[in-house]
Amino acid sequence: MDKRQFTFRQKRAIVIGASTTGLIAAAALARHFGQVVVLERDTLPEEPEWRKGVPQSRHVHLLLRSGEEAISHYFPGLTDELVAAGGRRVDMAADTRWFYAGGWKARFPSGITMHCQSKGFLEWAIRRRVEALGNVTIRDRAEIDTFTVAPGAVTGVRLKDAEEISADLVVDASGRNSKTPQRLAALGFGNVELSELPVDVGYASRAYRLPPGKRDWQSLIVHPRYPDARIGVIIPVEGDRWLVTLVGWRGDHPPANDEGFLEFARGLSVPDIYEAIRNAEPLTPIGLHRFPGNLRRHYDRLATLPDGLVVIGDAACSFNPIYAQGMTQGATAARILDECLERRAKSPSAGLAGFGLVFQREYARFANRCWLIPTTEEYRDPQVAARPPLWTKLANWYLEQVHELSWSDRRAAKSFLEVMHLLRPPTSLLAPALATRVLAHGLFARAH
């Protein structure tokens, strides 16, 4: 536990959801509140395994570099423990063979790493750390019915069994299917504005035994050039296994049968993933998942947002998982919450009046960056938006040149990785030194 004095020693915070986002948020809140209660509707497993409430956890989940930094901030040494227990720290350029939009990206030691392990293993490891915090309690099989309220404020929650738990701050980290918009509307706090961008993505994943033999890569990624719509990913995970995820857009979804799974892999832009798995030993059945589209709930625009409530992670911003932002943006949201509470503690009153809207507006600035990364590319598809914003055509041309340049230009490749890992904003790709090389590449390619 953080050794500093609690800002709100006599106050309680509730976190809805024991996902990675909810657990990291609990650790952040534990630095400020005398008591933190995490409420999870599922039965939490005692071992690191898939659970019903996180159906997408069977698929590849990458912890990006900025997410690793956030987790290490609250749980020092945890990522090293994950590696010691069989997870992998993979350099995105040196250890990853990555086909992107028509060519193989440059290979070099970038220093930008991703952590590879199963989602269940990561969540279990974080939960054990949170359980060790003296002022945090995790309760499973605790399903929320609604919020308890006073004029202009959320004051706690009521469970399905009618138990009421009071709180000075409720943090909704319950995921994409959050019921907070409906609860707020029913309680008279107004309607939350939505932004949606449909993509109709289908996933199929299974684990394989790590085949013998030497390879010059630890992870293998195949990403198409539009309008091709198939993606494949292999990452190493604990237990000397590969986790293989195949992805398809616009109804071209991978199937759950063995033959169809391999045929889908054979249909990727290059045959490398198919060749890697065709003789490998499957260890699990094929799991499927559908993702309808990018979704943002704009709590930052809800002038009637009650005091005592904040919403983070997928409950506020749910992005196409192929861009691997989910866990990292949730971890960053928890860190923004921590920083906002720290600043609030420096005010003379150190109260929480108006805190929710202050936080949501600051969080929205970060979410804007996350939203830009997937939606810019997805606006290419006329089925996503018949009339996309005019700037997207130019932005996608520019990104195409960045990707092509990254096949041979290490600086371009690293700049893209920094944006992907949420270390720098997308606008950093417009830095003069890089922009000059990108535009020169584009003009040369056009001339030839």
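The values are calculated or read from the model by the stated rules, or taken from the named source; none is laboratory data. All values reported here derive from a predicted model rather than from experimental measurement. So basically every Cβ, Gly included, is an ideal-geometry build from the backbone, and we count neighbours across all protein chains shown.
Side notes on the structure shown:
- Selection over segment 89-102 of residues that are at pLDDT below 95 and on the phi < 0 side of the Ramachandran plot gives a count of 1.
- Close pairs (7 angstrom Cβ cut-off, 6 or more residues apart or separate chains): within 14 Å of PHE99 (Cβ to Cβ) in segment 209-226, surrounded by fewer than 17 Cβ atoms within 10 Å (Cβ to Cβ) anywhere: VAL222/VAL270; ARG225/GLY102
- Residue list for segment 182-226, filter: over 30 Å from PRO285 (Cβ atoms) and either in a strand (DSSP E or B) or of a type in the set (D, E, K, R) (or both): ARG183, GLU193, LEU194, SER195, GLU196, LEU197, ASP216, ARG225
- Unique match (being small (Gly, Ala, Ser) and not in a loop (DSSP other than H, G, I, E, B)) among SER415, SER347: SER415
- Any pair with Cβ under 8 angstrom, 6 or more apart, that starts in segment 228-253 at a residue that is not assigned by TED's automatic domain parsing to the domain that holds PRO271 and ends at one that is modelled with pLDDT under 95: none
- Enumeration of residues in segment 393-425 that are more than 22 Å from ARG107 (Cα to Cα) and touching a helix residue (DSSP H, G or I) at 6+ places or on another chain (Cβ under 6 Å): ALA395, PRO425
- Test: residue in segment 364-375 that is among the hydrophobic types (A, V, I, L, M, F, W, C) and touching a Gly at 6+ places or on another chain (Cβ under 7 Å): no
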